[in-house]
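The values are calculated or read from the model by the stated rules, or taken from the named source; none is laboratory data. Everything quoted here is computed from the prediction, not taken from an experiment. Positions of Cβ are backbone-derived with ideal geometry, glycine not excepted, and every protein chain shown enters the neighbour counts. Surface areas here come from the heavy atoms of the whole protein model, side chains and all, with no ligands, DNA or RNA. Shrake-Rupley method; radii C 1.70, N 1.55, O 1.52, S 1.80 Å.
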Amino acid sequence: MDNYLAGNSPPPPPPPPRPKWRKVAYGGMQIGYDDNYTDETFLEEMVMNANVVRRDLLKVMKDSVSISQYLCIVALVVLVWFHTLQSSLDESSLLLLDLSLLALGFLVLLLTEEKMLSLRLLLRYVINITFFTTGLYVLAPVYQTLTRSISSDSIWAVTVSLLLLHLFLHDYSGSTIRAPGALKSPSLTSCISVNASVVASVFVASRLPSRGHVFAVMLFSLQVFLFAPLVAYCIKKFSFGLHLGFSFALMGLTLYSVYALHRLFFVLFLVLVVVVNVVCPYWLIRMQEYKFEINGPWDEAKLCFDITDG
């Protein structure tokens, strides 16, 4: 009181208590806190490696068999192309091979999809293949003269590029055409992969000497590129053990055929199969040890939809 009478100013009032920080997404800045402020409980919700899938080496190796299986299928197609271009296979042998593959494919579908493959669906397959074969035979002269003005070196370079694109975009876990009872249709990349294989087949067929050769090779190629993944998918869904047996038999046939062609190609293809089935799975398992993922309240919201075909 005496100090106040003497002319001294009164003591300043105490500052108002700072409001408690609240964790809100929308509401503007809170008084007394920076925009990027977090309290001591911010890291309590942090989770490490919540979505990391621990894989087993044997399971990964089994899953990689599907890749080697399709590599063998494409290699066998290339071998048939080579022997046809070298006049080692005539039209009759190619047509007999086409009919055998077609009958074997339908037999596999009947044995593995007996609960879903009705007689009506089988009849529809037969009608579609009949129209498809007829159209292919009519267009065979067009395919034969399609690339007459293009040099062979350009044809082989584009063919190899298209086959590599086909292998890179191929769906190794499903089928290039919709299987009976399947809920999902083929993806866009799978369709692009099929188109690349068809164009490559046309380029190879354009270098054949007769209309019969063109028709037989095109029919064989399209049968394999379109229906072989479907047959392999049905076998895998029916029995995984049968899938492994079929894959190993196909690998043996391919290795034998490549060895008969050239030993260097045999060594290269054998190394490729070993890398795909052994080295890459082991490499993937080893890389899992260095995977580090953190999740917490700072993550953006992720919308998950489960859309199936009606």
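Here S100, S66, S93, S88 are screened, and the one residue that is in contact (Cβ under 8 Å) with a residue 12 or more places away in the chain and either open to solvent by less than 70 Å² (accessible area, probe 1.4 Å) or out of contact with any Cys (no Cβ under 6 Å at 6 or more places or on another chain) (or both) is S66.
Beta carbons closer than 8 Å, at least 6 apart along the sequence or on distinct chains, pair a first residue in segment 202-221 that is buried (at least 24 other Cβ atoms within 10 Å of the Cβ) with a second that is among the small types (G, A, S) and not in a helix (DSSP H, G or I) for V214/S206. Screening K115 against (1) part of a helix (DSSP H, G or I); (2) at pLDDT below 85 leaves a single unmet condition, (1). Within segment 129-175, if we keep just the residues that are in a helix (DSSP H, G or I) and among the small types (G, A, S), the residue that is nearest to the chain's Cα centre (by Cα) turns out to be S161. Only one of the numbered conditions (1) more than 25 Å from D98 (Cα to Cα); (2) touching a residue at least 40 places away in the same chain (Cβ under 8 Å); (3) not in a helix (DSSP H, G or I) is violated by P281, and that is (3).
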